[in-house]
């Protein structure tokens, strides 16, 4: 999902917003499942907007996901303060190494902290790391390994990092919001609450709109090179 406000320009993110600019214009994009599909669809949308001289100012990856217990119970909301690729790297005899420790690439994108804080206050969302995985966790051992590797983790999903990579190519800030539909751990379809999660996500976006309008100055001052 991408929202078009106005083209970002100046150097750094201010700590506080100024007067409201009015409601943002929002375009909704269904990007598919997994980081590759999400990156491709987001990149195409951003390229078309740039070619038409109607660029976006903010990209939001939104959907349902698994919550790490007890910090993200089923039905709750999570806003990412870090969008992290959980399994981008290499397995070694000593364990997993992220691609950054192999000497190239990146594994994390950081959303604008002031905007994350304001949206969390408006929605009651918990704030923490949201992991992007290509294979959804299905065991307690895997959940524990991810929690050990990423101490601030609250949720996992399958698209955020791909969306963030596409946004970064255009110098745009990114947000990720997830409504928790199931606990991360042993796969138990009986514990899924997709309807409740979608209801929570819909409610959150009703509260996002006035905050995004208020934070237009933050987005305008986003540094494309950060």
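Each value in this text was obtained by applying a stated rule to the coordinates, not by laboratory testing. Here the structure is a predicted model, which means the values were calculated and not measured. For neighbour counting, all protein chains shown are included, and Cβ atoms are generated from backbone atoms with ideal geometry for every residue, glycine included.
A few remarks follow.
- Calculated FRET efficiency for the pair residue 209/residue 187, C-beta based, R₀ 25 Å, to 0.05: 0.10
- Peptide packing: for 184-194, 73-83, the average count of neighbouring Cβ atoms within 10 Å per residue gives the ranking 73-83, 184-194, highest mean first.
- Fraction of beta bridges assigned by DSSP in segment 2-220 that are antiparallel (%, nearest 5): 45
- Label separation (residue 194 vs residue 100): 3.4 nm, computed from points 7 Å beyond Cα along the C-beta direction.
- Take each peptide in 132-142, 150-160, count the other Cβ atoms within 10 Å of every residue, and average; sorted highest first, the result is 150-160, 132-142.
- The eigenvalues of the Cα gyration tensor, multiplied by 5 and square-rooted, give segment 79-226 an equivalent ellipsoid with semi-axes of 27, 22, 11 Å from largest to smallest.
- A full extension of the chain between residue 40 and residue 52 corresponds to an added length of 2.5 nm, given 0.36 nm per residue minus the alpha carbon distance.
- Stretching residue 145 away from residue 110 to a fully extended chain increases their span by 10.4 nm, per 0.36 nm per residue minus the current alpha-carbon distance.
- Cα centroid separation - segment 21-82 against segment 83-140, whole Å: 15
- Residue 33-residue 121 FRET efficiency (beta carbon distance; Förster radius 41 Å; 0.05 resolution): 0.85
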